[in-house]
Amino acid sequence: MDIRHLRNMLAVMEEGSIGKAAQRLHISQPALTKSIQRLEEHLGVRLFDREARGMKPTFYADSLRGYAKAACVGMAEAESQIASLRNGTEGIITVAGPPLIVTELLPDVLLQLSQERPKLQVHVVARNRELFTDLLEGRFNLVVAMLYDEIPKQGLSKQRLFDDRLVLVMRPDHPLAKRRKVKPGDLLDQKWVFADSDTWSHRRLQLYFEQAGLAVPRPRIASRNPAVLKNIVMISDHIGMMSKLGVEKEISKGLLKCIEIDSPLMHRPIGIVRRENEPMSPAAKSFVRIIEDVCKKRGYVTKR
């Protein structure tokens, strides 16, 4: 059943004549008459009786009125919803990433996206494992994460945003804080805190010392929780190797001091990963545009 035939029937019922209904609908009278006839043929009943004063609805038309209105309203709402989804003003997108990136980078992005598209709902998933597997399986629209070499090349597309880096962190009055540069040998006898051995940052730290012919120092304290490590460093003589993205606030407040290590091992490319050859929705495109803008305003270095 064509929804237009129902709309035309309702117009004739409300206007009381073919002429007035055709004028309201901006179609010709013959076209409207033909539409009513097709609906009658489809239903197998007569919907109107012609009278001197116009068109009088039959019992069948009166019975159909409520259903026709509901169908027309429902279709109008559906068309509006599809238009909103097409324009990216409504709908749902799911963005995932490691807790550090979700916490330190995404809030500014999400707030701006919410201001631009207040009816859009964004689900945020913060975790470290199975991000790219679940992205391939359609559980997320986008992943914002470190661009590991291990990311599957088949089925995924990567867009580099900027280079974060691992930095040496300590309290501002730590003996090392006055130095501009340090060498691996300067760090052997320090009190270390860092994430356990099954992490990217620990593996990089291990390679850094191995390239200098040294064994990686044993940590006094190990934890996967960056907040735990930062707090220990701030109140003690311990030092740690942490993401600069994760300590920017503490550095700006004078709570921590960082020293950048001159080694390509310390670079952490951060970017967006999505399913390859899949068109992005307008909402997802807005997210990407805003995160690029936020990174630029923060002065993050973007490398292609």
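The values are calculated or read from the model by the stated rules, or taken from the named source; none is laboratory data. No experiment lies behind these values; they were computed from the predicted model shown. We place every Cβ from the backbone using ideal geometry, glycine too, and count neighbours over all the protein chains shown. These area figures cover heavy atoms from the full protein model, side chains too; ligands, DNA and RNA do not enter into them. Shrake-Rupley method; radii C 1.70, N 1.55, O 1.52, S 1.80 Å.
Could you point to the residue in Met146, Val169, Leu131 farthest towards the positive end of the range 131-186's charge dipole, with +1 and -1 charges on the Cβ of Lys/Arg and Asp/Glu respectively?
Going by the charge dipole, the pick is Val169.
Extent of the range 4-74 along each principal axis, from alpha carbon coordinates, in Å, largest to smallest?
25, 24, 19
Based on the alpha-carbon set only, what is the convex hull volume of the chain divided per residue, in Å³?
Residue-normalised Cα hull volume stands at 184 Å³.
Under 12 Å between alpha carbons, and skipping anything fewer than 8 positions from Lys183 in its own chain: which aspartates and glutamates qualify?
Excluding near neighbours in sequence, the set is Glu260, Asp262.
Assuming R0 = 45 Å, what is the FRET efficiency of Gln154 and Ala70, from their Cβ-Cβ distance, to the nearest 0.05?
Step by step, r from the Cβ atoms, then E = 0.40.
Using a 1.4 Å probe over the heavy atoms of the protein chains, calculate the carbon and sulfur portion of the accessible area of the chain as a whole percent.
With neighbouring chains kept in place, the figure for the chain is 50 percent.
Return one number: the angle in degrees, 0 to 90 and rounded to the nearest 10, between the long axis of the Cα atoms of helix 59-87 and the longest principal axis of the Cα atoms of the chain.
Tilt of helix 59-87: around 30 degrees.
In what sequence, highest mean first, do 130-142, 7-19 appear when ranked by Cβ atoms within 10 angstrom?
Result, highest mean first: 7-19, 130-142.
Summing +1 for each Lys or Arg and -1 for each Asp or Glu, what net charge is found among the other residues whose Cβ lies under 11 Å from the Cβ of Met280?
+3
Which value, in debye to the nearest 20, gives the size of the charge dipole of the chain about its Cα centre, when Lys and Arg are +1 and Asp and Glu are -1 at the Cβ?
Its charge dipole is roughly 700 debye.
Pick out, from Ile93, Ala61, Asn231, the residue whose Cα sits farthest towards the positive end of the charge dipole of the chain, with +1 on the Cβ of Lys and Arg and -1 on the Cβ of Asp and Glu.
Asn231
Can you bin every Cα-Cα distance in the range 119-236 into 10 Å intervals starting at zero and give me the percent of pairs per bin, rounded to whole numbers?
10, 33, 30, 19, 7, 1
Of Lys257/Lys297; Lys181/Lys230; Lys178/Lys249; Lys158/Lys296; Lys69/Lys285, which sit over 29 Å apart, Cα to Cα? Spell out each step's value before the answer.
On the way: Lys257/Lys297 23 Å; Lys181/Lys230 21 Å; Lys178/Lys249 20 Å; Lys158/Lys296 18 Å; Lys69/Lys285 37 Å.
Check vs 29 Å cut-off fails for Lys69/Lys285.
Quick one: length gained pulling Lys285 to Lys249 fully straight, 0.36 nm per residue minus the C-alpha distance?
Here the answer is 10.1 nm.
Please list 170-182, 226-238 highest first by mean number of surrounding beta-carbon atoms within 10 Å per residue. Present the calculation step by step, with values, prior to reporting the outcome.
Values: 170-182: 13.6, 226-238: 16.9.
The packing order, highest mean first, is 226-238, 170-182.
Counting Lys and Arg as +1 and Asp and Glu as -1, what is the net charge of the other residues whose Cβ lies under 11 Å from the Cβ of Ala61? Display every interim value, and only then the final one.
Details: positive: Arg46, Lys56, Arg65; negative: Glu40, Asp49, Asp62.
Local charge sum for Ala61: 0.
Rounded to the nearest whole Å³, what is the per residue volume of the convex hull around the Cα atoms of the range 247-299?
It comes to 120 Å³ per residue, whole-number rounded.
Place +1 on the Cβ of every Lys and Arg and -1 on the Cβ of every Asp and Glu in the chain, take the dipole about the Cα centre, and give the residue among Leu120, Trp200, Met13 whose Cα lies farthest towards its positive end.
Checked the options; the winner is Trp200.
Using R₀ = 30 Å, calculate the FRET efficiency as 1/(1 + (r/R₀)^6) where r is the Cβ-Cβ separation of Asp186 and Thr103; round to 0.05.
0.45
Which trypsin sites (Lys or Arg not before Pro) from the range 20-75 combine a DSSP loop assignment with at most 14 other Cβ atoms within 10 Å? Show your work: numbers first, answer last.
Numbers: sites: Lys20, Arg24, Lys34, Arg38, Arg46, Arg50, Arg53, Arg65, Lys69; in loops: Arg46, Arg53.
Those satisfying the criteria are Arg46, Arg53.
For every helix of n ≥ 4 consecutive DSSP H residues, a contribution of -39,500 (n - 2.57) applies; sum these over the chain, divide by its total residues, and give [θ] at 222 nm rounded to the nearest 500 deg cm²/dmol.
Result for the chain: -13500 deg cm²/dmol, rounded to the nearest 500.
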